[in-house]
1. Inspect all residues belonging to segment 63-85 and state whether any of them is at positive phi and assigned to a loop (DSSP other than H, G, I, E, B).
2. Among the residues of segment 62-74 satisfying the criterion of being surrounded by fewer than 17 Cβ atoms within 10 Å (Cβ to Cβ) and in contact with a helix residue (DSSP H, G or I) (Cβ under 9 Å, 6 or more places away or on another chain), which is nearest to Arg122 (Cα to Cα)?
3. Would you confirm, using the coordinates I've provided, whether Val33 is of a type in the set (Val, Ile, Thr) and modelled with pLDDT of 80 or more?
4. Would you confirm whether or not segment 76-99 contains a residue that is of a type outside the set (Ser, Thr, Tyr), surrounded by fewer than 17 Cβ atoms within 10 Å (Cβ to Cβ) and within 20 Å of Lys121 (Cα to Cα)?
5. Restricting to segment 43-71, give me the number of residues that are touching a Gly at 6+ places or on another chain (Cβ under 9 Å), modelled with pLDDT of 80 or more and not aliphatic (A, V, I, L, M).
6. Are there any pairs, at least 6 apart or on different chains, whose C-beta atoms fall under 7 Å, with the first in segment 73-92 and closer than 19 Å to Thr52 by Cβ and the second assigned to a helix (DSSP H, G or I) and of a type in the set (A, V, I, L, M), and if so, which?
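The values are calculated or read from the model by the stated rules, or taken from the named source; none is laboratory data. For clarity, every value in this text was computed on a predicted model and none was experimentally measured. Because the Cβ atoms are built from the backbone with ideal geometry, glycine has one as well, and the counts that use them run over all protein chains shown.
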Amino acid sequence: MDTGKTKSDQEKFCSECGAVINIKAVVCVKCGVKQLTDESVKEQKNSLTTGTILAALGLIGFMGIGHMYLGRVATGIGLLLGAWLLWCFVFFLPLIGLFCVPLGAALEIWTIYHVRSIIKKREY
């Protein structure tokens, strides 16, 4: 975030407030926000990719795996059992199952979004 300030080679701009801080600073001295390092950005991207792939497994019947990956086991198991129940309705009670397909699709979209938002909020 460039605010018209100048910085030297040993300085950088705070990712939150734009103040000029030491390039090795872990926390901004002006606003107190933790600064991301190259390693933490890479770790967050890897975790985001893995979490998204695992959350997308719900499309083939494994909904909830992404939440389990994040340590939210109870939520993951609930989603997994709920998805299997919806699939049972689709296959064994087709009239009810017609209403379950949009519900399952909406639940899967929410799951992927929720897993990604949890990963993005974590501090690395």
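1. Within segment 63-85, the first condition is being at positive phi, and the residues that meet it are 64, 71.
Adding the requirement that they be assigned to a loop (DSSP other than H, G, I, E, B) leaves 64, 71.
Checked against the condition, which is being at positive phi and assigned to a loop (DSSP other than H, G, I, E, B), segment 63-85 yields at least one hit.
2. Among those residues, the one meeting the criterion is Val73.
3. On the way: of a type in the set (Val, Ile, Thr): yes; modelled with pLDDT of 80 or more: yes.
Criteria met by Val33.
4. Checked segment 76-99: no residue is of a type outside the set (Ser, Thr, Tyr), surrounded by fewer than 17 Cβ atoms within 10 Å (Cβ to Cβ) and within 20 Å of Lys121 (Cα to Cα).
5. Result for segment 43-71: 4.
6. Gly76/Ile65; Gly76/Met68
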